[in-house]
Each structure stands twice: as C-alpha cells, then as structure tokens.
Amino acid sequence: MNVRTLYHTARAVQGLVGSEYESDVSRPLRRRLWLWRRGFLSRSDAVYDLDSENYRDYVSDYERFVGTKQINGTWSVALSNKLLFHRFMQSFDAEQMTVYGLLRDGTYHPVDGRRGREMADGGPTVPEPIGIGGPASEPARSSPRTETRNAAQRVVDRLEVEGRLVLKWVHGGGGNNVMLCSRADDGYRVDGDHYAEAEFRSLVADLEDYLVCEFVDQGTFPAALYPATPNTIRLITMYDDVLDEPFIAAAIQRIGTTDSVPLDNFTQGGLSASIDRRTGELGPGAQPPDSDGDGDGVEWHSEHPDTGMAIEGKQIPGWQRIRSRVLEMADACSYLPYVGWDVIVTDDDGGFTVIEANSYPGLKSIQVHGPLLTDDRIRRFYEQHGVR
C-alpha cells in the first residue's frame, strides 16, 4: 500500500468512526461489536435486514467508505469538484444545468455566461456587451469592464432575473452545503427560511467556493410525486472491463417528504423507490427510521405518506431515453468506472438534467431494496476493483 492509498484509507476510516459516533441509532454493545467486525454501522442495522446468513451480500459501510473511494483513483477529482465535472461534461450540454458563476473571496467569477474578449496582437479588443452572466442574446446591462464582480450583488441581480437559484459548494456531496434561494416580496428565502436583504447579502459574501446554478424546474411526473422538493433519480453506473461497456447497476427514484424538505435525501427522511431498470416502473417508497431514534426499521409506502399520491406501479416517462443517455455519458468517461448520477426529469419525453455526479455514492438508499452483491456482475465489478 503506497503512501497516498494509506492516507486516504486512514481518512476514510476516520470518517467511518465519526459517522458511528454521531449515529442516532442505538444498539446494544454486543450487537454493535457484531456489526463492527463485519464492517457495518449501527445505522445500517436499522435499514438492512442483516443476519449471519446474508450480511456478505451487502456492500458494507467499511467497503463503501474505504474501498469504493479508491475505484476511480486520481480521476475521482473529476467528480469531487463540481465545476471540473461541469467542464468535463460539456459534450452533453443539453443535459447540464447552467452554472452562472463561482463565488470566492467575496468575488463573482463568471462561468457559463462569460464572453471573453477577443485577443488581437496580444491586446484586447472592444468587449462585447453581455447580460448579467447570461448568454449574449440576453439584453445587455453592462460590459465586462464595468460589470461588478461583487459576489452578493451579482447573486441579487441574478435572482431579480431568475427568481430562484441554487448555491452549492464546489466540493460538497450528498446534498450537503446546497442552498435553494428565491426572491420574495419581503426579502429572500434560503431553504425556506426568511432573510432580509442585508442578511442575505452577508450570507452570500461569506460563501467560499460556491457555484451559482440555475434552479431546474422538474417535470410534471416528479412534481406530482411531491411538489415541495425537487425529486431526483439516482443511478449507479459501473464499467464492465470484460464486455467493454458500462451498465446501470442500480436505480432509485428519490422523493421528498415533510421530514426532508427542502431536499429529497433518504438519510434526512425522504423516500427511496426502486426503479425497474428495464421498464422504469417504481416500487414502493422506503423511508428510514425516524431521525430522533424512536423508529427502528424501514417503513414502506405504496402511496406518499404526506399527500397520498400513488408511488408503487408508477412509470417514469421517457425512461428508455434516460437510461440510454446516461449510459452514453458513462461510456464517454470510461476512465471513471464508478459513478453515482443524480438527474431530474424535466419533461415527459425523456428529457432530464444532471444535477451532480458522485465518485463514491451512498448505498443505504440503494441496498434498502436488497443487497447489491447478489448480482454476479456487480459482485465481479467490486472484486475486480479491490472493494471485496
């Protein structure tokens, strides 16, 4: 084991220990010892049906924290840095959200909307007027020379145009450090909380390495599942070196609830419904135990617990196109053999937008529907990459 691998293994183990220390699930010491010896956290014991016969069929927490982090090697940076990944995926521009800019040290750095000055004989020509970080076709407000670089002002200006934005940390994952921002008559809303203008400007000014992204409007299908949150699909792709092709190892529809608002995260109380990888049909929604520790075991919902909307048996519109297009993306970056894709359906014809991608996606919302390693192709993938 080289120094780099040893370092990352130590960091992963540290994260694993921290997760157990902060766990909201209580288990008797004897049970915890049984779990730890087999690589599982107490939280997993409340989600999976673990016993001495089946635990080997699950990807353990140790294998996920330590082993899967190593699969993409040095190329994992292409996924852990959201701006870099955004650049990597420019050939799939139709499936990407717009990234207006990057906030750093109180300064706004344009990203997608930037129109650089043409260079002639080593010097700049007269700049082309542009809008506030938008395409050249938008009405011009000022030129690059006079347009402010003040982070708070640019975000406020963009909200005046868009009404809603997403601010997300470049290095974050798992829905952490994501802020849903909107303009309101009495100021601003951030994840549903009210901010006066001065408070909001101060919040934005203090953000370091945050992307300013468009708010993607979900289509009628995910909106009907639960309108108060964006409801994303998580797909895990693996690259099969034997057949020289990517495949979808697992797919779930995530659905928000009153517990998870403003996001749809399973770990925060959202639902996870399995997706039939062939047909796009949803199974029942799984909801983890109560975060306060009172619950013990997963609750299953054929209908949404808050709205009564049917879940089980619903079919994702345009699933075949979504599936094929994600496989195209996975094939285009075959040097990243292991990717967790978060996408949001935007219409009924298979249109979707990639919200983000992860190098070592969480597996509880996946394996709540059954252990991954009962599939020989998936087991072989993990074994080939040293996870097992």
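The values are calculated or read from the model by the stated rules, or taken from the named source; none is laboratory data. These numbers come from a predicted model, not from an experiment. Cβ placement follows ideal geometry from the backbone for every residue including glycine, while neighbour counts extend to all protein chains displayed. The area values use the complete protein model at the heavy-atom level, side chains included, leaving out ligands, DNA and RNA. Shrake-Rupley method; radii C 1.70, N 1.55, O 1.52, S 1.80 Å.
Highest GNM mean-square fluctuation, the chain, Cα pairs closer than 10 Å: which of TYR195, TYR108, TYR58?
Its mean-square fluctuation being the largest, the pick is TYR195.
Of all the accessible heavy-atom surface of region 179-252, with the other protein chains kept in place and a 1.4 Å probe, what percent is carbon and sulfur?
Carbon and sulfur: 48 percent of the exposed surface of region 179-252.
Ranked from the most accessible area to the least, with a 1.4 Å probe and all protein chains present, what is the order of GLU53, GLU356, GLU197?
Order by accessible area, largest first: GLU53, GLU197, GLU356.
If the only charges are +1 at each Lys and Arg Cβ and -1 at each Asp and Glu Cβ, what is the size of the charge dipole of region 230-388 around the Cα centre, to the nearest 20 debye?
440
Label-point separation (nm) for GLN153 and SER202, each offset 7 Å from Cα along Cα-to-Cβ?
It works out to 2.0 nm between the two label points.
Given a cut-off of under 8 Å on Cα pairs at least six residues apart, what relative contact order in percent is computed for region 272-388?
Dividing the mean separation by the residue count of region 272-388 yields 18 percent.
Can you tell me the length gained on complete extension of the stretch GLU160 to ALA94, counting 0.36 nm per residue apart and subtracting the Cα distance?
The span from GLU160 to ALA94 would gain 21.3 nm if fully extended.
Considering only THR346, THR98, THR148, give the residue with the highest GNM mean-square fluctuation for the chain, with springs between Cα atoms whenever their separation is below 10 Å.
Looking only at THR346, THR98, THR148, the biggest GNM fluctuation is shown by THR148.
With charges set only on the Cβ (+1 for Lys and Arg, -1 for Asp and Glu), what does the dipole of the chain come to about its Cα centre, in debye to the nearest 20?
1220
In the Gaussian network model of the chain, springs joining C-alpha atoms below 10 Å, which of ASP342, ASP45, ASP93 carries the largest mean-square fluctuation?
Largest GNM mean-square fluctuation: ASP93.
To the nearest 20 Debye, how big is the dipole of region 317-364 about its Cα centre, given +1 on the beta carbon of each Lys and Arg and -1 on that of each Asp and Glu?
Approximately 200 debye in magnitude.
Can you tell me the 0 to 90 degree angle between the C-alpha axis of helix 151-162 and the longest principal axis of the chain, rounded to 10?
Around 90 degrees separate the two axes.
Could you calculate the FRET efficiency of GLN14 with THR220 from 1/(1 + (r/R0)^6), where r is the beta carbon distance between them and R0 is 35 Å, rounded to 0.05?
So, using R0 = 35 Å, E works out to roughly 0.20.
Using +1 at the C-beta of Lys and Arg and -1 at the C-beta of Asp and Glu, which of GLY192, LEU35, HIS369 has the Cα lying farthest in the positive direction of the dipole of the chain?
Positive-end residue among those listed: LEU35.
Okay, which of region 213-231 sit inside 11 Å, backbone N to the point 7 Å along the Cα-Cβ direction of MET309?
Residues 218-231 fall inside that zone.
What nm distance separates the two modelled labels at ASP241 and TRP75, each placed 7 Å from Cα along Cα→Cβ?
Roughly 1.2 nm, to one decimal.
Which ³J(HN,Hα) values, rounded to whole Hz and listed in residue order, are derived for region 277-283 from phi using the Karplus coefficients 6.51, -1.76 and 1.60 in 6.51 cos²θ - 1.76 cosθ + 1.60 with θ = phi - 60°, glycine and proline given as x?
5, 8, 9, x, 7, 8, x
Where a Cα-Cα gap under 23 Å defines reach, which lysines qualify for LYS69, not counting those fewer than 8 residues away within the same chain?
Once the sequence-local lysines are set aside, what remains near LYS69 is LYS82, LYS168, LYS364.
Need the full-extension length gain, SER334 to ARG377, defined as separation in residues times 0.36 nm minus the C-alpha distance. One decimal, nm.
Length gained, SER334 through ARG377: 13.8 nm.
Work out from phi, with θ = phi - 60° and the Karplus expression 6.51 cos²θ - 1.76 cosθ + 1.60, the ³J(HN,Hα) of each residue of region 185-197, listed in order in whole Hz, and give x for Gly and Pro.
4, 9, x, 9, 10, 10, 6, x, 8, 7, 10, 5, 4
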